[in-house]
Amino acid sequence: KLYVSARSGLCLTCRFKGTNPFLQTKELLAWAILKPQATNNLEAQLAACMDFRTGRLQAGHVIEVRCLRVDAPEWRYELVHSWPSGISLFVEDQRVLVKKPDEELNEAPPGPFDLSRFVVRRPLEVNPRPVRVSAAITAKKTEQWALGLVYSHPVASDEVICKQVREAQRPAKDRLRLDLERIFTWVTAHRPDRVSKKDTLRNVEPPVMKLVCCTSLSRIEEAARGVECDHLQCFDLPSYVHTMRNIPPKHAWCCPICDRPAPLHQVRLDAFAQSILDATEPNVTEVLVADTGKWEVSATEDPMDDASSDDDGPFMPSAPTQADLQRAALNLGRAFSAPAAPPRLAPQPSPPARQSPPERRSRSPRRQTSGRGGGGGGGGGGG
């Protein structure tokens, strides 16, 4: 049986290999379905894993014991290692791990069990003896578990994982066609003029695509999304991979926008959003998208002014509201099809009024006709 999951689309062996992309699997040495209340034995050959001169594993490599829930209740558990409620793990005849049901003090470690120190052999041994692992579990009758021995090595750089995602993509022309179909469906479904009175609580948010990643809070460099995502917004692929390296397993490989599953084999590069990123200036933060795939810039990010600058600067217009964006979205296709209006000429400033030259004043003392002359006349009258 291949035990192909309907949600992740992976068989059980691929799930063992893809449990931790940052610790990539070179070979699945052995695996088996675990039967409750019985001893389950696994045996793995070590000739291809050992360094002949030292008798140890090749440098930088490890052998892990990984356990998976075959009939995982949610997609989050399909690609995440987990132990059953009770398990006893033996290497040869030595018990190396025990977890008892309903006993919190003896819980097993959350991650896989590192088997590297139990596979040391003598140097220059031509045919090293195989490693034998046995396990006994306690689980419900409705649960089905599997155990595997995985030979893997750590990935030092996130770029290695991003390169694997790029190599698994379809041609850009096919991806662009699918993106335009998805955009047409989303924008049409969210138009405010298509909402009836019965759907008064329906979401009619404006078709705005932000060019800033919600994970890194910086401009997107490589636009990506999950295969199940239908929203306009994208996230940055390198930032997404870097975040998943240290995130808790419960929230790992989820879309940071809609929380839908987005494991690496279901991540798609968005050709439409990437074309917008390549065609816009670095200070553009969002664009308005029409159902035909046309777009126009709706917001930019200006450099921050110095705090010591004067307050008497130019008036800055306020950011557009959702109603403004809705009206612009409805007229976006019409604006692209209409001929461009001729540019308005700025009004010419009127010439300054001609000022008359200032009146020249005489330097001789001013004569007061009403003061001195009056006084002299009065004195003459008295005589």
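Rounded, prolate or oblate for the stretch 24-174? Axes are the square roots of the Cα gyration tensor eigenvalues, ordered a ≥ b ≥ c, and the cut-off for rounded is a/c under 1.5. It comes out oblate by the Cα gyration axes. Assign one of three labels to the stretch 231-288, namely rounded, prolate or oblate, based on the Cα gyration tensor with a ≥ b ≥ c the square roots of its eigenvalues; rounded applies when a/c is under 1.5, prolate when it is not and a/b is larger than b/c, and oblate otherwise. Verdict is prolate for the stretch 231-288. Applying 1/(1 + (r/R0)^6) with R0 = 35 Å to the Cβ-Cβ distance of VAL227 and THR13 gives a FRET efficiency near 0.95.
The loop-placed GluC sites (Glu not before Pro) in the stretch 44-129, going by DSSP, that have at most 16 neighbouring Cβ atoms within 10 Å of their Cβ come out as GLU74, GLU92, GLU103, GLU107, GLU125. Cross-link pairs exceeding 26 Å between alpha carbons, from the set LYS140/LYS250; LYS17/LYS99; LYS99/LYS140; LYS17/LYS163; LYS141/LYS250; LYS26/LYS100: LYS26/LYS100.
Rolling a 1.4 angstrom probe over the stretch 55-179 with all protein chains present gives an accessible area of which 51% lies on carbon and sulfur atoms.
Distance between the 7 Å Cα→Cβ label points at LEU97 and GLU74: 2.2 nm. Accessible area ranking (1.4 Å probe, heavy atoms, ligands and nucleic acids excluded), largest first, for GLU43, GLU301: GLU301, GLU43.
The values are calculated or read from the model by the stated rules, or taken from the named source; none is laboratory data. Quick caveat, the model's predicted, so the values are computed rather than measured. When we count neighbours, we look across all protein chains shown, and the Cβ atoms used for this are built from the backbone with ideal geometry, even at glycine. Just the protein is used for accessible areas: all its heavy atoms, side chains included, with ligands, DNA and RNA removed. Shrake-Rupley method; radii C 1.70, N 1.55, O 1.52, S 1.80 Å.
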